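Notes follow once the structure below has been shown.
Taken together, the values in this text are just the output of simple stated rules run on the coordinates, not laboratory data. Note that this is a predicted model, so its numbers are computed, not measured. Note that we place each Cβ from the backbone using ideal geometry, even for glycine, and neighbour counts take in every protein chain shown.
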Amino acid sequence: MAKRFAAVWCMAMGLWLAGAASAGEIGLTWSSSSGAAGYKVHYGTSPGVYSKTVDVGNVTTTKVSGLTDCSTWYFAVSAYNAAGTSEYSNEVGSWPRTTVSALNPGAIKQGSQPTLSFDGANFDTSKEWEVVITPEPCVPDAGAPGGKRCYLYNVQKPTATCNRVQVVETVEPTAGSVRPAMVGTYQMSLRAKDGTRQTASKPFKVDINPARFDVNKSDDVTKNRLDGKDAVWMAKRFGVQEGGATYDPGFDFDGDGWIDGDDLAHLASNLGGCWTGSAWNMNACIANLQ
Amino acid sequence: MKRAWTVLALAVVAVAWTGCGSGGSDDGNPSDGGSSTVAASFVADEPAPAAGDVTLQEGSKSANTVSVLVNVTGVNDVYGASFDVEFDPTKVEYVGHSAGNVLESGSHKPQYLVGGSPGNGRIVVFASRVGAVAGVDVAGTGTLMRLSFRVKAEGSFPMAIEVPALLNDAATPTPITGLTWHAGSAVGVGS
């Protein structure tokens, strides 16, 4: 009697992984079986061998916690009622939920290639990971692969260990005359390319690189000094958008695609300063000018 | 390389101003005179500029504040300007700046900026037309911009123009050659 009852259930039940809240957890959901009074979740670290069982009651979704990170856990569900217990459902296996606890560094200046570290848990090393950035740091470009050109991107596949994913991120302009990364805060997350994993995002800030303000290096006096020549050069290109004939990304300090007042303001606030290696300092010019 | 344009004759002029006790006109512009202890004025190094000269000239004055005109004479294709003005910060204080009439030609709206370290006696000046517009041909004399200073003591206090350039309207603006820059002195006379 119980066996026949169970066989019907097995045909009706399907088990899937579902989202879960934190590391050490796996979410499960399954289809209901008619006549079920409740369900049991069976799990263990070997396929088909379930060392643990938990009665979750008459629900069709649950989170199983207390799982060891960075190992594959296998699950099946059975239904029960007064007549007995069904056979196992199909089996699913997974690492516990992937989580990101920190992203370092959280801020970087334009014109660099930092190694970003996503620290957390359960970065399944069997999967290929990719960095997802929002808002998308790209602009349309018919001549570029995919019809867009990005100013914030990773140059190689991320490398994963259980607790860390690292990726070398390019924050333009690293060379040549390319549009700089637009300053501001982005959200970065990791996603498994097979679509099975997506972490929560962490903020990543792109800071302006003040070393780029010195656009005019035409003579020894103005080299390494911000003065009116730099500003006149910028003024000549003022109001030009990327794509315009006179657009020069070297003057687009904030990377917003426009040479505009925001850019000039950066020059203005440092006008008269000399470069110290990290900032423009009004008092650093004396030696240059004597 | 430092390029100062103050002339030696200033000392003589300063004595004359100080000695005659002349007060400045009180025309209300500039109006930021504050509590006056001296009457301010400005004596140009080159009061009669010729073609190719960029000079500092006296503008309006009020109590202890004087407006200094940055004048351009007989120069073509002026798109922008870049220069520093150096002064003794214990005697002279930079107050502010305002537009001239050269760069505004054609109802244009140029940009003016003054930075640097006024408290240390050095301002860095920028004035420029904006965008893809032509430079201005200055026939005769026009005013690039005005700089206002407050004179804090009696005496003549030379100003120097340093690293000066007028730039043309080339795609990458280039310094106009063959120019001569002349500065002047701020003067404070007991009132």
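Can I get the semi-axes of the range A:99-207's equivalent ellipsoid? Compute them from the C-alpha gyration tensor as square roots of 5 times the eigenvalues, in angstrom, largest first.
Details: eigenvalues 113, 49, 27 Å².
With the √(5λ) rule applied to the range A:99-207, the semi-axes are 24, 16, 12 Å.
Using DSSP to call loops (not H, G, I, E or B), can you name the trypsin sites (Lys or Arg not before Pro) in the range A:189-258 whose Cβ has at most 14 other Cβ atoms within 10 angstrom?
Working: sites: A:R191, A:K193, A:R197, A:K205, A:R212, A:K217, A:K223, A:R225, A:K229, A:K236, A:R237; in loops: A:K193, A:R197, A:K217, A:K223, A:R237.
Filter output for the range A:189-258: A:K193, A:K217, A:K223.
Over the range A:210-289, calculate the relative contact order: mean separation of alpha carbon pairs under 8 Å at least 6 apart, over the residue count, as a percent.
Relative contact order for the range A:210-289 comes out at 31 percent.
Using the Karplus curve 6.51 cos²θ - 1.76 cosθ + 1.60 with θ = phi - 60°, work out ³J(HN,Hα) for each residue of the range B:53-63 in order, rounded to whole Hz, and write x for Gly and Pro.
3J(HN,Hα) across the range B:53-63, in whole Hz: 9, 10, 10, 9, 10, 6, x, 6, 8, 8, 6.
For chain A, what's the relative contact order in percent, using C-alpha pairs closer than 8 Å and at least 6 residues apart?
Values: 679 pairs, mean separation 37.1, N = 290.
The normalised contact order for chain A reaches 13 percent.
On a 0 to 90° scale, report how tilted helix A:2-12 is relative to the longest principal axis of chain A, with both axes built from alpha carbons and the result rounded to the nearest 10.
Roughly 30 degrees between the two axes.
Roughly how many debye, to the nearest 20, is the charge dipole of the protein assembly as shown about its Cα centre, given +1 on each Lys and Arg Cβ, -1 on each Asp and Glu Cβ, and no other charges?
The calculation lands at about 1940 debye.
Using a Förster radius of 56 Å, what is the FRET efficiency between A:T196 and B:H108 based on their Cβ-Cβ separation? Nearest 0.05, please. Don't jump to the answer; show the numbers that get you there.
Numbers: r = 60 Å, r/R0 = 1.08.
The computed FRET efficiency comes out at 0.40.
In Å, what Kirkwood hydrodynamic radius results for the range A:66-140 from the alpha-carbon pair distances?
16.6 Å
Under a 10 Å cutoff between Cα atoms, tell me which one of A:D219, A:D227, A:D256 has the largest fluctuation in the Gaussian network model of chain A.
A:D219
Counting pairs of Cα atoms in the protein assembly as shown, how many percent are more than 45 Å apart?
Within the protein assembly as shown, distances greater than 45 Å cover 41 percent of Cα pairs.
So what is the 222 nm mean residue ellipticity for the protein assembly as shown from helices alone, if each DSSP H run of at least 4 adds -39500 (n - 2.57) and you divide by all residues, rounding to the nearest 500 deg cm²/dmol?
Details: 5 runs with 44 residues, N = 481.
For the protein assembly as shown, the value works out to -2500 deg cm²/dmol.
Long-range amide H contacts for A:G24: which residues qualify at under 5 Å (H placed 1.01 Å from N, peptide plane, sequence gap of 5 or more or a different chain)?
A:R97
Between the range A:37-96 and the range A:215-260, what is the separation of their alpha carbon centroids in Å?
If we compute the Cα centre of each part, the gap is 63 Å.
Taking the range A:121-222, which GluC sites (Glu not before Pro) meet the DSSP loop condition and have no more than 15 other C-beta atoms within 10 Å?
A:E128
Positive end of the dipole of the protein assembly as shown, charges at C-beta (+1 Lys, Arg; -1 Asp, Glu), about the Cα centre: which of A:A265, B:V124, B:M159 has its Cα farthest in that direction?
Positive-most Cα among the choices belongs to A:A265.
Label-point separation (nm) for A:D262 and B:A50, each offset 7 Å from Cα along Cα-to-Cβ?
Going by the 7 Å Cα→Cβ label model, 5.0 nm.
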